[in-house]
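Take a look at the structure below.
The values are calculated or read from the model by the stated rules, or taken from the named source; none is laboratory data. Being a predicted model, the structure only gives us computed values, none of them experimental. Ideal geometry is used to build each Cβ from the backbone, glycine not excepted, and the neighbour counts take in all protein chains shown.
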Amino acid sequence: MQRQIELQVRSQFDLEPNIAISIGARTPSTITGYDTIPVTLSRGGRTQELDLLISKDNKTLARLSTWDLAKDPSTSIDLAGRPIRGNPAAKVTIVNFDDLECPYCARMHAELFPTTLDHYGSLIRLIYKDSPLEEHPWAMHASVDANCLATQSGTVYWSYVDYVHGHTQEISGDNHDPTKSFAALDRIARQEATLGKLDEQALNVCLSKQDEAGVKASTKEADALGLEGTPMLFINGEKVNGAVPQDMLWAAIDRALRAAGEQPPPMPAPEPAVAPAAGPGSTGAPQAAPAGAQPAAGSTPAVKPS
């Protein structure tokens with residue numbers, strides 16, 4: 001029976017093979033004719049628990065989901081002390097759970113800054129939370145260094161995040177040696193601190209200590225929110241996969257603005273199609289080039305559970 005349950009869970013949730021499944025003891029449920037059976041998914045130190053229903057005759061497996069309408073997902077995210085980019089008083093908050101080594105996160109970061117922030121201006125504020133993935137060897141170290149800077153200056157924090165997201169290959173190096181990556185991250189943090197005129201002695205103490213407690217608390221929060229990878233955004237509580245195309249991201253921001261009583265800015269006019277130059281010997285007017293479709297965004301690396 002446990003094997004049958006495992007096969008159904010793997011199939012229904014399309015789980016990757018390296019995700020382990022453990023099945024607990026069944027207990028009576030509040031649903032007539034069904035017992036509750038706990039199922040735990042785990043990989044890389046992360047776990048996710050599911051409470052499934054199994055019929056008394058062992059012929060049916062089900063999952064019942066309930067939602068507390070009094071609970072606002074946006075208010076459950078701890079934003080205390082996090083650096084803010086944009087208008088601190090904006091009615092729409094975009095929270096991005098970020099991994100500084102993640103290439104998809106780097107692409108989202110480049111899209112948020114400056115494109116999205118320029119478009120919405122003072123109508124939004126952006127806040128990053130840490131969610132370094134286990135498979136990224138220097139992501140945790142980068143988050144700790146970023147938070148060391150954040151304790152002194154939100155501006156320098158963002159400068160560091162900008163640099164790291166724009167230079168991941170430089171930090172990884174050709175040999176992908178984590179020790180060298182750690183040294184590069186610390187060097188970049190000290191450079192940004194010098195430019196920002198921070199207390200370098202206090203920074204060095206923080207960098208040497210490498211206290212992961214704050215980052216792990218953020219990661220635990222991401223797990224509790226059901227994150228399945230990075231980047232993952234919460235736009236005034238609406239969960240949005242960070243790999244979506246820009247138009248879908250902006251549609252979610254527009255929804256949040258209208259719900260908050262704000263009028264979204266008009267969409268920018270599309271760029272005119274450019275006609276190709278006529279080739280040698282060509283006769284007749286060249287035809288206008290068709291407007292190119294927006295490239296599809298890649299999906300986040302599957303991290304199930306998160």
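Residues to consider are 198, 207; find the one that is in a loop (DSSP other than H, G, I, E, B), among the hydrophobic types (A, V, I, L, M, F, W, C), crowded, with 16+ Cβ neighbours inside 10 Å and at pLDDT 95 or above.
Working: 207 fails: in a loop (DSSP other than H, G, I, E, B).
From the options 198, 207, the qualifying one is 198.
If you take the residues in the range 82-140 that are of a type in the set (Ser, Thr, Tyr) and over 16 Å from residue 249 (Cβ atoms), which one is nearest to the chain's Cα centre (by Cα)? Lay out the reasoning, then the answer.
The first filter runs over the range 82-140 and keeps only residues of a type in the set (Ser, Thr, Tyr), leaving 93, 104, 115-116, 120, 122, 128, 131.
Restricting the remaining residues to those that are over 16 Å from residue 249 (Cβ atoms) gives 122, 131.
Values: 122: 23, 131: 7 Å.
Among those that are of a type in the set (Ser, Thr, Tyr) and over 16 Å from residue 249 (Cβ atoms), it is 131.
Among the listed residues 78, 99, which satisfies the condition of being assigned by TED's automatic domain parsing to the domain that holds residue 151, among the acidic types (Asp, Glu) and at pLDDT 95 or above?
Working: 78 fails: at pLDDT 95 or above.
The match here is 99.
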Q.
When you check residue 49 against the structure, is it assigned to a strand (DSSP E or B), at pLDDT below 95, surrounded by fewer than 18 Cβ atoms within 10 Å (Cβ to Cβ) and not assigned by TED's automatic domain parsing to the domain that holds residue 171, yes or no?
A. yes
Q: Looking only at the range 160-181, count how many residues are surrounded by fewer than 20 Cβ atoms within 10 Å (Cβ to Cβ) and assigned to a helix (DSSP H, G or I).
A: 10
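Return the only residue of 193, 184, 202 being farther than 21 Å from residue 133 by Cβ and either touching a helix residue (DSSP H, G or I) at 6+ places or on another chain (Cβ under 6 Å) or touching a residue at least 60 places away in the same chain (Cβ under 8 Å) (or both).
Details: 184 fails: farther than 21 Å from residue 133 by Cβ; 202 fails: either touching a helix residue (DSSP H, G or I) at 6+ places or on another chain (Cβ under 6 Å) or touching a residue at least 60 places away in the same chain (Cβ under 8 Å) (or both).
That would be 193, the only listed residue that is farther than 21 Å from residue 133 by Cβ and either touching a helix residue (DSSP H, G or I) at 6+ places or on another chain (Cβ under 6 Å) or touching a residue at least 60 places away in the same chain (Cβ under 8 Å) (or both).
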**Q.** Top-ranked residue of the range 8-42 - restricted to ones that are on the phi < 0 side of the Ramachandran plot and of a type in the set (D, E, K, R), ranked as surrounded by the fewest Cβ atoms within 10 Å (Cβ to Cβ)
**A.** 16
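Would you confirm whether or not the range 130-140 contains a residue that is of a type in the set (Phe, Trp, Tyr), over 28 Å from residue 268 (Cβ atoms) and buried (at least 20 other Cβ atoms within 10 Å of the Cβ)? Walk me through it before giving the result.
First, pick out the residues of the range 130-140 that are of a type in the set (Phe, Trp, Tyr): 138.
Those still in the list that are over 28 Å from residue 268 (Cβ atoms) too: 138.
Checking which are buried (at least 20 other Cβ atoms within 10 Å of the Cβ) leaves us with 138.
The answer is yes, given that some residue of the range 130-140 is of a type in the set (Phe, Trp, Tyr), over 28 Å from residue 268 (Cβ atoms) and buried (at least 20 other Cβ atoms within 10 Å of the Cβ).
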Q: Consider only pairs whose beta carbons are under 6 Å apart and that are at least six residues apart or on different chains; among these, list those whose first residue lies in the range 105-122 and is under 16 Å from residue 235 (Cβ atoms) and at pLDDT 95 or above and whose second residue is among the β-branched types (Val, Ile, Thr) and in a helix (DSSP H, G or I).
A: none
